[in-house]
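Values in this text are rule-based calculations from the coordinates and carry no lab data. Quantities reported herein were computed from a predicted structural model and do not represent experimental measurements. Counting neighbours? That spans all protein chains shown, and the Cβs are built from the backbone with ideal geometry, glycine included.
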């Protein structure tokens, strides 16, 4: 995967590719259909092919380096960071953070849909990470991709206050993206960040279900 980072790319390819990515995002955010489930994954993959070629895009799915260790470490790290930020915003600042409505009433279909949609988010994020890395140092590119990743969650977590929602998504979703990016880079594969992201989302749903049962 890392062979796609810090590479010189052609702007004339990036512009149409990015438009395609955002078209997939628009379908995901504003249309309720089976197409929306696949839209971000498909358009992001197409964007990679346009910018980097089909052969080079395959490098995204290379065999992970030290997968078990990296998955365990970054999964735990993401939980610690996410909980720390959420507790600080809730208990220290007294903010009411809106949760993901999907987690409140998960259905069996989610077990099939979520892995596909998470892969879409990973391809989307890796696309921007790779594009930004062509112009900036890798840590800056990772931060920029984290901002983009956070912002696409605005409508999901909007609680009626624009400022608080922005802080929420940039600190929680943004920091999660930094961790996912690091995991992918460390293991040289998108599979690692996808697994961590998927495990985190499933475990979050499990926590919600357990909490509801206790109540």
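Worth pointing out:
- Enumerated helices (runs of 4 or more DSSP H) restricted to segment 39-134, each holding at least 3 residues that are free of Cβ contacts under 8 Å to residues at least 60 places away in the same chain and out of contact with any helix residue (DSSP H, G or I) (no Cβ under 8 Å at 6 or more places or on another chain): 67-87, 109-133
- Checklist (1) farther than 18 Å from residue 100 by Cβ; (2) buried (at least 18 other Cβ atoms within 10 Å of the Cβ) applied to residue 200, failing item: (1)
- Test result for residue 156, closer than 25 Å to residue 94 by Cβ and crowded, with 20+ Cβ neighbours inside 10 Å: no
- Qualifying positions in segment 1-38 - in a loop (DSSP other than H, G, I, E, B), within 25 Å of residue 186 (Cβ to Cβ) and more than 18 Å from the chain's Cα centre (by Cα): 6, 7, 8, 9
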